[in-house]
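Written below as structure tokens is the structure these notes are about.
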Amino acid sequence: MDVFNLKSFVLFLSVFGCCAGQDLLPHDGPLDGVVGKNVTIKPDLEPGETFLTMAWTFNGGDELVPIVTLVSGGGGVENIAEDYKGRVFINKTNGILTLGPLKTTDNGDYAVQMVNKKGETQTGETKLQVLVPVSDVAIKSSVTEAVELNSTVVLTCSATGSFITFAWNNGTTPIVADGKKLTLTTVPLGSSSTLTVKDPLRTDLVGPIYCSATNKLGSEKSAPFNLSVSYGPEMVVLAATPAIPASMVLRMDGKLALSCTTQSSPPATVAWHHNGAALAKETAASLVLEKLTEAHSGNYSCVANNAKTLRSVSSKVIQFTVMQAVSGTTLTGPTETLLAGKQTANLSCQATAGKATTQAWFKDGKPLSPGDRVSVLADKVSIKPVQKGDNGEYRCDLTNAVNTDSATYKMVVNYGPEAAAVEAEEAVEINDVVKLTCAAMSMPAATYTWKFNGTKTAVTTAEYLIEKAVYKNTGMYTCEAHNAVTGLSVSAMHKLSVKEEGALDEGLSDGAIAGIVIAVLIVLAAAIAGAVYFQRQRTRPYEAASQAP
């Protein structure tokens, strides 16, 4: 097909074959395309239908321009016009045309002419509308700032793109014109829109204000615009971080941040006052007091000033006192060995820094109460004399308005041994295991020795164990508990009897026999009581009759 130039071939197609109607392209146009992107135009072929030739043309209003031709039913020669090379692709099987990237000059009418294998010619036409996306949406204001109830503001929204419509929003809320305070005007052909605000209040357009421009391709929103309306200052609030406690006392060396907030536009300037005197170098909205000292104590306030409205408003006053925290608390007590009933223990609680306003004493986590032997003063405790019950951990708490500091002391009172006792069976059978356990209250723990029938044994533990009893183990066992610190000793004796095998299994025990006797007596008493009750019930009618007149 190279012997034909593109224009002559298109003319050839226009006269070749029989016309079968203009139904190859849809008629519900126009077809929308986007600048810089591709568009696809699809011929409406019957299923399985093939073609001998196909030609696409374009008419932008001046003349018919060839685009591409395809010869010999899908596998033949393809001719693309010079102006469309690199921008056109045609499917050799179904004739679908892809054009792009699109230019604004691609607006116009597109036609396709096809000759099928029967020699019939089919045509189709459609319109392509190349749209320019919305871009460059921006808001400009007639003024840079306004004074409440004393200004007129005109906001203009402009954008580029095709067939644009505009919408205004305050945040996410649409702005609706009322014809009085708010007026909306759109320039013909949709190139811009204006919003006029007369005598604005601070709440009319607090922003951010957005303008949205929309066409069929999409929507774009402007950068946020904030209308500056001068007002205030109002509601001046002075706050402290951390919050001032109810005691109005702060810890020395701590940090306090004071902040001054107000409703004002433009933002108000701030002046700080301490005890009525201006702090000349402090003009920020916050005042940070580092490493508090007693010199920081007193009254603080802030004054907000608006240079536009020429109004000044003072905050409420914050008052506080700076106090040194209690620290370095120590609890001292006796360093010598304490013996129960013989010595006095004196405890003293002191802090190296800060002044405590209250003191509290505890023993083993519970408040320590004064008594006959215990004297509790502000920073001292005296126990005279100490007893075994005074063993434990003592704690003192020193407190002032800003903190509590504590210290502990562990007191050890030596006593005993007391009330030694031996726990064991009184009688066992031969070959039984025998365990005798000796216990005696003592601090420190007692040491033990054992005697059998008055003769000292080699056992020196609290437990005396006989793994296999024999008859000669019968006798008197004596346990002696000794406290090396107090120098005291106590002893306890236990008599053990070793019997022949089975001797302890015959008959019932004394306890069992006593239980049976008690149970029988209870049942017998209940039976007698019941018999007496029923007998009285039977005799009452006769007694009543004999007493009648």
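The values are calculated or read from the model by the stated rules, or taken from the named source; none is laboratory data. Bear in mind that the values here come from a model prediction, so they are computed numbers and not experimental data. When we count neighbours, we look across all protein chains shown, and the Cβ atoms used for this are built from the backbone with ideal geometry, even at glycine.
Here are the numbers:
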| quantity | calculated |
| --- | --- |
| Flag for Tyr394 being of a type outside the set (Asp, Glu), touching a Ser or Thr at 6+ places or on another chain (Cβ under 9 Å) and within 25 Å of Ser491 (Cβ to Cβ) | no |
| Pick from region 403-443, criterion among the acidic types (Asp, Glu) and in a loop (DSSP other than H, G, I, E, B), ranking: nearest to Gly254 (Cα to Cα) | Glu425 |
| Per-region count, region 308-336, residues more than 27 Å from Ala356 (Cβ to Cβ) and surrounded by 12 or more Cβ atoms within 10 Å (Cβ to Cβ) | 8 |
| Residue in region 284-302 that is closer than 15 Å to Ala407 by Cα and buried (at least 17 other Cβ atoms within 10 Å of the Cβ) present | no |
| Of all residues making up region 196-243, the number that are closer than 13 Å to Trp168 by Cβ and not hydroxyl-bearing (Ser, Thr, Tyr) | 12 |
| Close pairs from region 494-506: first more than 21 Å from Tyr477 (Cβ to Cβ) and in contact (Cβ under 8 Å) with a residue 24 or more places away in the chain, partner among the charged types (D, E, K, R) and surrounded by 10 or more Cβ atoms within 10 Å (Cβ to Cβ), Cβ under 6 Å, at least 6 apart | Glu501/Glu429 |
| Residue within region 107-127 that is in contact with a Pro (Cβ under 8 Å, 6 or more places away or on another chain) and either of a type in the set (Phe, Trp, Tyr) or under 25 Å from Ser219 (Cβ atoms) (or both) present | yes |
| Of residues in region 94-149 being among the hydroxyl-bearing types (Ser, Thr, Tyr) and part of a loop (DSSP other than H, G, I, E, B), the one surrounded by the fewest Cβ atoms within 10 Å (Cβ to Cβ) | Thr144 |
| Residue tally, condition part of a strand (DSSP E or B) and within 30 Å of Gly354 (Cβ to Cβ), over region 249-270 | 7 |
| Check on Thr144, within 28 Å of Ile164 (Cα to Cα), among the β-branched types (Val, Ile, Thr), touching a residue at least 40 places away in the same chain (Cβ under 8 Å) and in the same structural domain as Leu201 (by TED's automatic domain parsing) | yes |
| Residues of region 271-293 satisfying the condition of being part of a strand (DSSP E or B), of a type outside the set (S, T, N, Q) and closer than 16 Å to Ala239 by Cα | Ala271, Trp272, His273, His274, Leu287, Val288, Leu289 |
| Per-region count, region 294-323, residues assigned to a loop (DSSP other than H, G, I, E, B) and modelled with pLDDT under 95 | 4 |
| Residues within region 458-496 that are in a strand (DSSP E or B) and loosely packed, with under 11 Cβ neighbours inside 10 Å, tallied | 0 |
| Top-ranked residue of region 353-376 - restricted to ones that are of a type in the set (A, V, I, L, M, F, W, C) and not in a loop (DSSP other than H, G, I, E, B), ranked as farthest from Gln387 (Cα to Cα) | Ala353 |
| Residue within region 231-248 that is free of Cβ contacts under 8 Å to residues at least 60 places away in the same chain, among the aromatic types (Phe, Trp, Tyr) and either part of a strand (DSSP E or B) or not assigned by TED's automatic domain parsing to the domain that holds Ser314 (or both) present | no |
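Residue-by-condition table, conditions (1) in a strand (DSSP E or B); (2) without any contact (Cβ under 8 Å) to a residue 60 or more places away in the chain; (3) at positive phi; (4) not assigned by TED's automatic domain parsing to the domain that holds Met248:
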residue: Pro385; (1), (2), (3), (4): no, yes, no, yes
residue: Asp397; (1), (2), (3), (4): yes, yes, no, yes
residue: Ala401; (1), (2), (3), (4): no, no, no, yes
residue: Ala445; (1), (2), (3), (4): no, yes, no, yes
residue: Lys451; (1), (2), (3), (4): yes, yes, no, yes
